[in-house]
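Peer 1: Here it is, the structure in full.
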Amino acid sequence: MNNDKYILCYTREPQDGMIYSEKLAYSMHLAYSEDGRKFEPLNHNSGVLFAKATDNHDKTMKAKSLKKPYIFRMADGSFGIVAVRTCAEGEADEESKGKVLFFVTRDFLQYSEVGLIDLHSSAYVEEVTCNYDENRKVYAVCWSLEGKWFRNEITDLYSLEAASQPDSIEAVKIQKVNTDIEGIVPGNMISVPEETGRKLKFRLSTPFNIAMELPEEVKVTSRKALKSVKAKAIYNDGTTAYKTVDWDTAGIDWNKSGTYEITGTIRQEHYDFPMAVNRADPCIKKWNGKYYFIATNDADGNNSLYIREAASIPELVNAQEKLLLDAYTYEHIKGFLWAPEFHAIGEDLYIFHAATSSEFLFIESHVMKLKKGGNPSSKEDWSIPQRVLKKDGTFLCESGKVISLDMTVIPWNNEYYAAWSERQFVPVDLGAWIYIAKIDPKEPWKLVSDPVLLTKPDYGWANNHVFVDEGPFALITDKKLFLSFASAMIDATYAVGMLTADPGANLLDSESWIKLNYPLLTSRSVPGEFGPGHNSYVTDDEGVIWNAYHARPGVDGPRSSGLRRVHFDIDGYPVLDLTEEKDVNPEIRNLSTKVIIG
C-alpha cells in the first residue's frame, strides 16, 4: 500500500509592507496534503526557503528573492528545487539572466543553496521545471520565455556551467492545484514518503495538547510527596511535557492509612500580552533565590534601565521597578541604553548592555559587575559600565564608524564566549552582522580571541526594510546549542531566526554553525502579536523554560514584553509559538486519581 503524502510549493501575492511584503511573499512556501487534493499551509502560511543576498565589492549586500519554485527528485534520493531568482521586490535580476537558482534538501527543513545553473541564454527565464531521466541518467531543465519553451540537459546539477545548449520544445504543462490558501501563487505538487511528509507537517506546525496521562493510583506518605506527582501532557505530534498538578487534598486524612479519590487541576501560569508595555529586549535571571527582570525602556527614549525583583516569575509582572542606570549618572554614558542582559560567570553576576558616550555612531557594548554580596536591584551595588575590549586591548569597535550592541554570553565546554551584533556605518552601511569570540571569565569585558562572523542578514526576512541580524541569545540542551537572534527592522516585520551547533562543537569555527533558512517566530505566529523578536530564556523552579520576548500589540503598537513556555518539537528544536490554549487543552486540565496512604 502506498502511504505517500503530498507537498505543494508556492509563493504568495504581496500585501501591505508591514503585513507581508515582497521580500516575504517571493519565497518558497509549502503546503501538506494526505490525499493530494486538500492542502493545509505550513509554517503559518509563511516562506520556508529564501534566496540568499549577493555581495557587492564594498561588502554591502544586494537582497534577492525567488519566484516560480519547482520541486523534483534527485538521483540520490534527495530533493532539488529550481526557481527564478529575482531582485528583492521581484524585479528581473540582471545577475540571473539566462540562469536558474538551484537548491537541494533531504527533508524540506534544511536547504543548501548550490547556485545558479547556466542555461546559456541571454534571456530572462520566466518559468522553470527540472526532472531526472532515470534511463538516460540526465536531468532535463525546461524553461520558458515569452510563451516559448526550451530544454537543457545536464548530467550533474552541481556542475553549474555544464548544461547543454538549449533546444526548443513543446510547451510544458505544470499541474496546478486548486486551493483556497490565502494569497497563493501555486507551483508544483510532489509526493513524498509518509515519514518525510508527516515530519515536515509536525515541524512546520504548532503542536497542540490532545491528552493528559496520570497514574491510576499513586502511593505517597505526605503532601510533599504528592506534589511531586506530575501529569504528562501529550501533544498531537507525539511530544510530551510534564505538568505540575494542584491537588485538592481536603478529603485526605494524612494520619490514616487508606485509599482516597482526589481531583486536581493542571497548573498553568497565565501571562497576558503585553506583560510590560514599552519594555523591549527583555531578560529574566534567577540569582540567589530571586528573579530579576530588566529590559530596554522605550518609554523615556532609552535613557534609563529599570529592574524588577520578585520571588517568582509570575510575581515579576506587578513587581516594583527600581532605577538601575540612566544617561545622567556617568560622564561616558549618554543614552541608547539598549538590550540589557544578566549573565552569571563563575560566582559573579554581570549586566551586558549597549550605551553611547555621545551620539548614535558611538554606541558600544558595555559591562557592569555586581559587587560581592551585592543586591542586583540596588544601583549602588553595580560597577561603573566599561566598554568591551578586543584581545589587543583596543576598544571593540572604532567609535564614530562602527557600533556594537546586544552582547550576550554563551557558556560552552567550560569556557565562555560572547556573541554580539556589530554594524559598520562608515564608509558604507553594511547592516548589522553577528560575531562571536571567546572571553576572559575573570574579566568578561575582554575578548581573548579574534571575532568570527556567525551570520549576516542575507535572507529576505532578515533584510526586510533594513539589513539587520541582532539580539543573539543561547538556549543549550543535551541535543544542541540553539542561538536565537532577531532580524529586520524593529517594526511589525521583526522576526526571530535560529543558529544551531552540535554538542562539543568549536564555536569559533563558522562551519560548526547551521542557520535555518526561515524564521521561527514572526507576526504570523501568534494572532495579535506583531514584530516579535529579541528574545531570551529563563528556567523556573519547576524546570520549565520560558521565552521572554518583545512584540507589538498591533502593527503600530509599542514594543512590549511577553512570556511564553518553550516547548520542544519532534527533533528537539524549540517551539516559540505554543500559546496557552495549545499548551494545555482547557477541556482536559482537570484530573483525578487514587492516592494510597500508608
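Peer 1: Order these peptides, 487-498, 534-545, 258-269, 412-423, by their mean beta-carbon neighbour count within 10 angstrom, highest first.
Peer 2: Numbers: 487-498: 24.3, 534-545: 18.1, 258-269: 15.1, 412-423: 19.8.
So the peptides 487-498, 534-545, 258-269, 412-423, ranked by packing, come out 487-498, 412-423, 534-545, 258-269.
Peer 1: Give me Ser484, Ser592, Ser304 sorted ascending by neighbouring Cβ count inside 10 Å, so fewest comes first.
Peer 2: Ser592, Ser304, Ser484
Peer 1: With each run of n ≥ 4 DSSP H residues scored as -39500 (n - 2.57), what mean residue ellipticity at 222 nm is computed for the chain after dividing by its residue count and rounding to the nearest 500 deg cm²/dmol?
Peer 2: -1000 deg cm²/dmol
Peer 1: Within the stretch 321-406, which trypsin sites (Lys or Arg not before Pro) sit in a loop by DSSP and count at most 10 neighbouring Cβ atoms inside 10 Å?
Peer 2: Of the trypsin sites (Lys or Arg not before Pro), the ones in loops of the stretch 321-406 whose Cβ has at most 10 other Cβ atoms within 10 Å are Lys372.
Peer 1: Gain in length, Lys401 to Lys479, computed as 0.36 nm per residue apart minus the alpha-carbon separation, to one decimal in nm?
Peer 2: Values: separation 78, 0.36 × 78 = 28.08 nm, distance 3.94 nm.
Length gained between Lys401 and Lys479: 24.1 nm.
Peer 1: Further question: Return Lys68, Lys99, Lys59 ranked ascending by Cβ neighbour count within 10 Å, so the fewest neighbours appear first.
Peer 2: Lys59, Lys99, Lys68
Peer 1: Here is a follow-up. When a/c reaches 1.5 or more, the comparison of a/b and b/c decides; with that in mind, is the stretch 350-487 rounded, prolate or oblate per its Cα gyration tensor?
Peer 2: Judged from the Cα gyration tensor, the stretch 350-487 comes out oblate (a/c at least 1.5, b/c at or above a/b).
Peer 1: Same structure, new question: How far is it, in nm, from the label point at Ser159 to the one at Ile596 when both lie 7 Å from their Cα along the line to the Cβ?
Peer 2: Simple spin-label model gives 7.3 nm for this pair.
Peer 1: Let me ask something else about it. Quick check on the exposure proxy: order Phe360, Phe425 from fewest to most C-beta atoms within 10 angstrom.
Peer 2: Ordered from fewest to most neighbouring Cβ atoms within 10 Å, Phe360, Phe425 come out as Phe360, Phe425.
Peer 1: Another question, then. Pop the C-beta distance of Tyr260 and Thr579 into the FRET formula with R0 = 51 Å and round what comes out to the nearest 0.05. The partial results should precede the final answer.
Peer 2: Details: r = 35 Å, r/R0 = 0.69.
Approximately 0.90, to the nearest 0.05.
Peer 1: To the nearest 20 Debye, how big is the dipole of the chain about its Cα centre, given +1 on the beta carbon of each Lys and Arg and -1 on that of each Asp and Glu?
Peer 2: In total the dipole reaches around 1000 debye.
Peer 1: What's log10 of I(q)/I(0) for the stretch 5-203 at q = 0.11 Å⁻¹, Debye sum over Cα points only, no solvent?
Peer 2: So the normalised log intensities work out to -0.49.
Peer 1: Match the structure shown to one of the listed values (i) 53, 33, 22; (ii) 44, 35, 20; (iii) 61, 26, 18 of semi-axes √(5λ) of the Cα gyration tensor in Å, computed from it, and give that label.
Peer 2: So the calculated entry is the one marked (ii).
Peer 1: Could I ask something else about it? Contact order normalised by length for the chain, with contacts defined as Cα pairs under 8 Å and 6 or more residues apart; what percent is it?
Peer 2: Relative contact order here is 13 percent.
Peer 1: Still on this structure, please answer the following. So if I place +1 on the C-beta of Lys and Arg and -1 on the C-beta of Asp and Glu, and nothing else carries charge, what would the dipole magnitude of the stretch 5-203 be about its Cα centre? I want it in debye, nearest 20.
Peer 2: In debye, rounded to 20, the stretch 5-203 gives about 440.
Peer 1: With +1 on each Lys and Arg Cβ and -1 on each Asp and Glu Cβ, and nothing else charged, work out how big the dipole of the stretch 318-383 is about its Cα centre, in Debye to the nearest 20.
Peer 2: Here the stretch 318-383 has a charge dipole of around 120 debye.
Peer 1: Taking the Cα centre of each part, how many Å lie between the stretch 98-113 and the stretch 245-281?
Peer 2: What the calculation gives is 48 Å, centre to centre.
Peer 1: Taking the Cα of Ser510, stepping 7 Å toward and past its beta carbon, and measuring to each backbone N in the stretch 50-80: which are under 18 Å?
Peer 2: Within reach of a label on Ser510, which here means backbone N under 18 Å from a point 7 Å along Cα→Cβ, the stretch 50-80 contributes 52-63.
Peer 1: Also, I was wondering about something else. Using only the alpha carbons of the stretch 295-392, determine the length spanned along each of the three principal axes and report them from longest to shortest in whole angstroms.
Peer 2: Its Cα atoms span 39, 34, 20 Å along the three principal axes.
Peer 1: When 1/r is averaged over all different Cα pairs and the result inverted, which Kirkwood radius in Å belongs to the stretch 152-213?
Peer 2: Every distinct Cα pair counted, the radius reaches 16.7 Å.
Peer 1: Right, next: Relative contact order for the stretch 489-553: what is it in percent, counting Cα pairs under 8 Å that are at least 6 residues apart?
Peer 2: Once divided by the residue count of the stretch 489-553, the mean separation gives 32 percent.
Peer 1: For a quick protection proxy, order the peptides 172-182, 196-206 by their average other-Cβ count within 10 Å, most packed first.
Peer 2: Result, highest mean Cβ count within 10 Å first: 196-206, 172-182.
Peer 1: Moving to a separate point now. With an 8 Å cut-off on Cα pairs and a minimum separation of 6 or more residues, tell me the relative contact order of the stretch 5-203 in percent.
Peer 2: Normalised by residue count, the contact order of the stretch 5-203 is 21 percent.
A short reminder: the numbers here are calculations on the coordinates, not readings from a lab. All values derive from a computational prediction rather than experimental measurement. Using ideal geometry, Cβ is built from the backbone for each residue, glycine included, and neighbour counts are taken over all protein chains shown.
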